[in-house]
Amino acid sequence: MKKIITALFAIIATISVAFGQFQKYSIRESEVMKEIRQEAKPVFINANAKIYELRSLIELAKQGLIKKEDVVKHYNYTVGGVMKFQKTFTGVVKRIKESGDAYAMFLYEKEQARILFLKAAKVNAQSIQ
């Protein structure tokens, strides 16, 4: 959880620095951020869908309808790289409960930063020409 929070702060700081570049070239903050949020929305939706799917699989495994090992494999395959790989079903349940929502926000913020950098690079390239 500390890594996710630290990464979020780093992304926010990065966005702030990059935003300074936009203001330098007279691009209005609200218009740019609205566009960026809209472009990043699919990443947020996809991340939330993964978390919802994992929560559903956890419930099915608790009811004995699917194997707990399969849930662990699916977790590691879909979100383990970001949320930390887990070896046990209990570990998966704990990570999803503690950090599932933060995972979606992290990816959303990360995508916003990526889009912002692309836009800043485009503005910078145009100003050079």
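Where a number appears in this text, it was derived from the coordinates with a stated rule and is not lab data. Just so it is clear, the structure is predicted and the values come from calculations on it, not from any experiment. Heads up, the Cβs are rebuilt from the backbone with ideal geometry, glycines too, and the neighbour counts pull from every protein chain shown.
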Would you mind giving the average projected area, over all directions, of the Cα convex hull of region 83-124 in nm² with one decimal?
3.2
Mind putting a number on the dipole of region 48-129 about its Cα centre? Charges go on the C-beta only, +1 for Lys and Arg and -1 for Asp and Glu, and I need it in Debye to the nearest 20.
160
If you keep only loop residues by DSSP, which chymotrypsin sites (Phe, Trp or Tyr not before Pro) in region 38-83 have at most 12 other Cβ atoms within 10 Å of their Cβ?
none
So what is log10(I(q)/I(0)) for region 41-129 at q = 0.22, 0.23 1/Å, when the Debye sum runs over its Cα atoms only?
-0.99, -1.05
Surrounding net charge for Tyr108, when Lys and Arg each add one and Asp and Glu each subtract one, Cβ distance under 10 Å
+1
Please state the Cα pair-distance histogram of region 64-109 with 10 angstrom bins from zero: what percent is in each bin?
29, 54, 16, 2
Excluding residues fewer than 8 places away in the same chain, name every one of the aspartates and glutamates whose C-alpha is closer than 16 Å to that of Lys110.
Glu35, Glu39, Asp101
